[in-house]
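The values are calculated or read from the model by the stated rules, or taken from the named source; none is laboratory data. Bear in mind the structure is a predicted one, so any value in this text is a computation, not a measurement. Here Cβ is always computed from backbone atoms with ideal geometry, including for glycine, and neighbour counts include all displayed protein chains.
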Amino acid sequence: MIYVVGLGPGSANTILPAAIKVIERSEMVIGASRNLQVIKSHCSNSMSLACGFAEIADYLITHKKTKIAVVVSGDPGFHSMLAFVKRHIDLDHIEIVPGISSLQYMYSRLKKSYEESQWLSLHGRQTDLQTYIEARTPLGILTDKDQNNQTIASILKANQVEGVTIYVGERLSYEDEKISILSVDQAMVYKADPLSVVVIDYE
């Protein structure tokens, strides 16, 4: 059985007990090096994504009847390796262990609800932000080094959108967590951690 396990925003303190239980009982744990580092005390055998996705796919296919945990940041249901696993393993051999998403965590730190918000990811993918911004849709966005708070602020500036507050969350759940409240002009020049969370709200 292949378990796709959400580890939460990053800190070990935000990993749910159900996730730890599955990891401890798995014969192999697969994930990004930074995720494996967080749970190293809970697993005896691990495989880093650095070995390549082709090798990972081969391992999953040939060992799908053993207990394998594929660990991912945040929640597996939002832009994770779940799609990759499903391309190679049939659903009868997959279980999902949910985790706290970084967006969920960010909104909790802001003391905001997110019923009206649209959640997007710019992490390694293209998304049509223009449409959402023109409609003044509240947004929760995962960023990367190329598409970040500066990119988002530039689109807001180009569309002359007023009454906007931009929240930037960096290193969420870690001891050096930082949440900044910025105007559009401030966000255009602010250099955040590459893997940040941006929340856009309107007055």
Among the strands (runs of 3 or more DSSP E) contained in the range 1-109, which hold 2 or more residues that are of a type in the set (Val, Ile, Thr) and either closer than 25 Å to LEU142 by Cβ or outside the structural domain of VAL198 (by TED's automatic domain parsing) (or both)? 2-6, 28-31, 68-72, 94-97
For the range 158-177, which positions are in contact with a Ser or Thr (Cβ under 9 Å, 6 or more places away or on another chain) and either closer than 14 Å to ASP201 by Cβ or part of a strand (DSSP E or B) (or both)? VAL164, THR165, ILE166, TYR167, VAL168, GLY169, GLU170
Of the candidates SER48, SER121, SER108, the one satisfying the condition of being of a type in the set (S, T, N, Q) and either surrounded by 19 or more Cβ atoms within 10 Å (Cβ to Cβ) or more than 24 Å from ILE179 (Cα to Cα) (or both) is SER48
If we ask which residues in the range 126-158 are within 20 Å of the chain's Cα centre (by Cα) and touching a residue at least 40 places away in the same chain (Cβ under 8 Å), their number turns out to be 12
